[in-house]
């Protein structure tokens with residue numbers, strides 16, 4: 001019998017996973033102890049942490065047992081971010097529930113999504129190899145494109161309005177945020193398309209005396225992306241639109257090696273922003289909230305002003321977990337979770353989060369550089385870019401570096417669709433890292 | 001790009017960010033973002049390493065992408081340093097008004113102020129002036145006695161902020177300044193409540209009550225000081241307000257407090273302006289003591305120097321009429337008799353004799369035109385709105401007997417009386433005797449300090465004895481208190497509309513004066529007699545109860 005799985009020992013991963021495991025258990029004790037003002041906790045209070053720590057360590061052991069030979073750093077970094085997110089949601093839940101009883105089960109839901117996400121990532125990393133994903137993912141590229149467009153269309157038609165933007169569709173009792181799925185399917189499509197046309201895209205197209213980019217090959221892709229982008233803008237999901245656009249430019253650049261595409265893209269983006277600013281009053285409000293939310297602090301600027309207060313109150317070391325008042329910020333658990341960290345963990349905490357996400361991105365690029373398959377290279381680059389750019393968009397937004405456009409902080413913010421899809425990215429990155437390397 | 005240029009770019013980027021952070025207070029958000037954008041572009045150039053031609057296109061592009069994203073993370077970090085550390089205090093305390101005029105401020109400030117037990121305020125005998133009571137999760141202020149409450153000020157973090165000692169001593173009361181830094185850091189790390197420090201005042205609730213009773217609701221002020229130390233025993237003002245009625249609970253209804261606030265704010269008598277330290281009045285003849293002190297201290301006169309006063313004096317075409325002579329047949333009066341009977345014609349001549357420069361100089365020595373260091377804000381007294389005002393003889397003469405443009409606060413007037421009683425030393429007035437922690441350990445104790453020494457002790461003795469004569473032999477015999485030596489000087493401030501404010505500044509003691517007081521009553525017809533009676537009564541009550 002052919003022995004399919006030869007066990008391996010993933011020692012690096014296992015030892016690195018001890019940090020998030022310790023972090024979540026100690027953090028939960030803190031969250032329990034702080035409001036009571038005395039060192040007094042029971043196992044009941046920290047079962048969530050133990051469950052989470054066990055889950056990530058078991059995931060690693062299972063990877064070892066089945067002989068998975070991929071990257072050993074991505075999972076611990078992801079687990080660390082997710083642990084921080086889970087801790088913060090746990091810490092926010094009682095405060096949020098005090099104002100709005102519906103939030104009482106927030107932490108449980110988050111934990112369930114986290115567990116499901118971990119399982120999803122693990123399954124993809126494990127099963128993609130035997131299923132030979134690297135063959136059929138690019139083969140059905142137009143299926144991914146169609147799926148993306150169908151999801152966008154569905155959002156348009158049956159989308160539910162939550163807080164001013166139609167971002168959700170309801171499937172039975174569950175609400176899904178299709179743009180989270182689309183960001184992955186579009187990257188798969190784009191990686192496949194660019195890989196198949198890589199040689200052509202790097203060339204020039206001669207029209208008489210003019211040397212132009214190979215427009216016949218670029219055009220279909222540009223059009224399809226534009227459709228998705230425009231639909232996001234029309235849905236007022238500007239954060240996702242910005243994210244897609246950034247990922248699009250990066251993938252085009254790494255496939256072609258031509259900066260000029262990026263330059264043209266950025267210039268047209270600038271023009272589009274200017275036109276939008278003139279055309280839509282809601283863009284003007286965003287700009288005002290970015291430069292001076294204090295002009296209308298009780299109305300349009302309220303969330304941003306509260307976030308500014310929270311961030312400023314943290315200082316270097318922060319108030320300590322559970323000792324701040326981040327729930328003064330409306331919707332702190334999603335878009336503004338970074339402000340909650342700024343308040344309670346201070347500058348050191350926020351820099352630590354940025355460093356972890358940065359390391360994750362660098363690891364992702366490393367995976368992309370090592371793999372032999374051209375499609376996998378582009379896929380890993382695109383997926384990694386999603387995480388990096390999404391972080392820049394949301395952290396830049398809440399810190400008022402750029403206008404705020406709502407996206408989640410990867411692995412940290414509350415939000416089922418976002419968590420699950422980010423874990424799909426992790427699974428795909430792990431899978432790519434296990435593929436044959438370049439020499 | 002050559003390595004040297006790249007190095008320069010990175011250096012320039014760091015320099016721009018450094019300068020931006022260093023000068024961040026003057027920097028608007030938009031300008032700072034502009035600087036960051038420039039720094040980012042420099043960083044992009046600075047990190048553009050040469051990549052060998054043998055490196056595949058894909059690798060090159062991924063490396064460049066990674067560097068670009070890294071530079072963005074670096075810029076975000078710079079922004080975090082600015083908003084979380086450099087600008088954190090400014091943003092934390094920032095307030096803004098929305099288009100309808102409503103103010104927004106950091107809700108953490110309010111909840112921090114209500115979530116910790118604030119230090120209590122006691123008077124000199126341990127009677128509570130301001131208490132802290134627990135109301136659910138919040139600690140609320142309670143002012144048990146309306147005669148002392150307004151001296152503490154109001155503390156209303158939910159609605160109106162704070163005033164008085166509640167504001168000026170907030171760092172102690174909130175516990176912010178308390179305790180050593182190590183303990184404070186440990187408390188902050190453990191999330192322990194910061195126990196505020198208690199204030200122990202020099203104020204005497206009983207005497208404050210007596211003064212309030214004596215005022216009988218008349219507009220005015222009573223201030224009593226301990227001569228040797230400058231400790232403030234009484235600081236009574238009418239009208240005033242009851243800070244207890246401005247306290248609101250986070251869970252309760254605040255409409256009563258809001259309507260009381262509106263009532264106080266609309267009151268034309270301005271009850272928030274506490275007369276004793278914030279009121280300014282023309283001193284009238286009380287100022288003659290300073291004119292006399294200037295003349296004696298500069299060696300121009302002695303108490304026995306003789307001036308002519310035959311009922312009128314013509315100065316540059318204006319005739320000054322004397323109404324205060326006890327004997328209309330006499331026209332020769334000594335300086336001492338001028339004080340005893342408050343002779344305007346005598347002091348008009350003393351003033352012109354002393355001259356504008358010296359008078360200005362002595363007024364300055366007595367603290368006119370200067371902020372008085374005190375635990376509460378004090379309005380600044382003035383001799384004249386401008387030095388040039390004293391250029392005319394008439395203005396100089398008017399000023400010398402206390403009219404003109406002089407303005408004095410009652411607290412300052414009491415300090416002037418105390419200076420003559422204290423050998424020429426003007427003590428720094430103080431209201432907070434000590435700050436103590438919950439266990440009664442004294443953290444901070446006020447001490448008697450000389451603020452100014454405007455005149456020699458010999459001059460002070462001369463003026464002191466003239467003020468005693470004014471009581472014993474002159475026009476203020478109503479202030480005679482059996483068993484004690486009292487000195488004083490009245491003042492009647494004539495106002496433009498014909499109404500008068502009446503003053504008495506005085507001191508009481510035996511061989512050495514022990515307590516000094518100033519009383520001012522606004523706009524009463526019989527008020528000069530009343531001022532004398534009030535002042536005498538409060539001084540007698542003080543020396544009887546405190547010895």
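The values are calculated or read from the model by the stated rules, or taken from the named source; none is laboratory data. None of these values were measured; they are calculated from a predicted model. Here the Cβ positions follow ideal geometry from the backbone for every residue, glycine too, while neighbour counts run over all protein chains shown.
Taking the stretch A:68-102 on its own, how many of its residues are without any contact (Cβ under 8 Å) to a residue 12 or more places away in the chain and touching a helix residue (DSSP H, G or I) at 6+ places or on another chain (Cβ under 6 Å)? Residues in the stretch A:68-102 being without any contact (Cβ under 8 Å) to a residue 12 or more places away in the chain and touching a helix residue (DSSP H, G or I) at 6+ places or on another chain (Cβ under 6 Å): 1 in total. Just so you know, in the stretch A:346-365 the residues that are more than 9 Å from chain B (Cβ to nearest Cβ) and touching a residue at least 12 places away in the same chain (Cβ under 8 Å) include one that is surrounded by the fewest Cβ atoms within 10 Å (Cβ to Cβ), and it is A:348. The single condition among (1) within 18 Å of the chain's Cα centre (by Cα); (2) under 30 Å from residue A:324 (Cβ atoms) that residue A:108 does not meet is (1). Only a single item in (1) at pLDDT below 90; (2) more than 20 Å from residue B:130 (Cα to Cα); (3) in contact with a helix residue (DSSP H, G or I) (Cβ under 7 Å, 6 or more places away or on another chain) is not met by residue B:196, and it is number (2).
Within the stretch B:318-335, the residues that satisfy the criterion of being in contact with a strand residue (DSSP E or B) (Cβ under 9 Å, 6 or more places away or on another chain) and in a loop (DSSP other than H, G, I, E, B) are B:322, B:325, B:331. Scanning the stretch B:77-89 for residues that are assigned to a helix (DSSP H, G or I) and either out of contact with any helix residue (DSSP H, G or I) (no Cβ under 9 Å at 6 or more places or on another chain) or within 8 Å of chain A (Cβ to nearest Cβ) (or both) yields B:77, B:79, B:80, B:81, B:83, B:84, B:85, B:88, B:89. Tallying residues that are within 27 Å of the chain's Cα centre (by Cα) and more than 7 Å from chain B (Cβ to nearest Cβ) within the stretch A:292-317 yields 10.
Restricting attention to the stretch B:422-455, and to residues there that are in contact with a helix residue (DSSP H, G or I) (Cβ under 6 Å, 6 or more places away or on another chain) and over 30 Å from residue B:119 (Cα atoms), which single residue is surrounded by the fewest Cβ atoms within 10 Å (Cβ to Cβ)? Only one residue fits best here, namely B:423.
Of B:61, B:74, B:30, which residue is in a helix (DSSP H, G or I), within 11 Å of chain A (Cβ to nearest Cβ), surrounded by 17 or more Cβ atoms within 10 Å (Cβ to Cβ) and free of Cβ contacts under 8 Å to residues at least 24 places away in the same chain? Of B:61, B:74, B:30, the one residue that is in a helix (DSSP H, G or I), within 11 Å of chain A (Cβ to nearest Cβ), surrounded by 17 or more Cβ atoms within 10 Å (Cβ to Cβ) and free of Cβ contacts under 8 Å to residues at least 24 places away in the same chain is B:61. Would you check if there is a residue in the stretch B:478-485 being in contact with a helix residue (DSSP H, G or I) (Cβ under 8 Å, 6 or more places away or on another chain), touching a residue at least 12 places away in the same chain (Cβ under 8 Å), in a strand (DSSP E or B) and surrounded by 24 or more Cβ atoms within 10 Å (Cβ to Cβ)? Scanning the stretch B:478-485, I find no residue that is in contact with a helix residue (DSSP H, G or I) (Cβ under 8 Å, 6 or more places away or on another chain), touching a residue at least 12 places away in the same chain (Cβ under 8 Å), in a strand (DSSP E or B) and surrounded by 24 or more Cβ atoms within 10 Å (Cβ to Cβ), so the answer is no.
Taken together, A:350, A:385 contain a single residue that is at pLDDT 95 or above and within 23 Å of residue B:86 (Cα to Cα), which is A:350. Of all residues in the stretch A:368-383, those satisfying the criterion of being under 18 Å from the mean Cα position of the chain (by Cα) and more than 9 Å from every other protein chain (Cβ to nearest Cβ) are A:379, A:380, A:382, A:383.
Can you tell me which condition residue A:320 does not meet? The list is (1) within 26 Å of residue A:96 (Cα to Cα); (2) more than 9 Å from chain B (Cβ to nearest Cβ); (3) in contact with a helix residue (DSSP H, G or I) (Cβ under 8 Å, 6 or more places away or on another chain); (4) in contact (Cβ under 8 Å) with a residue 60 or more places away in the chain, and all the others hold. So residue A:320 meets the others, but not (2).
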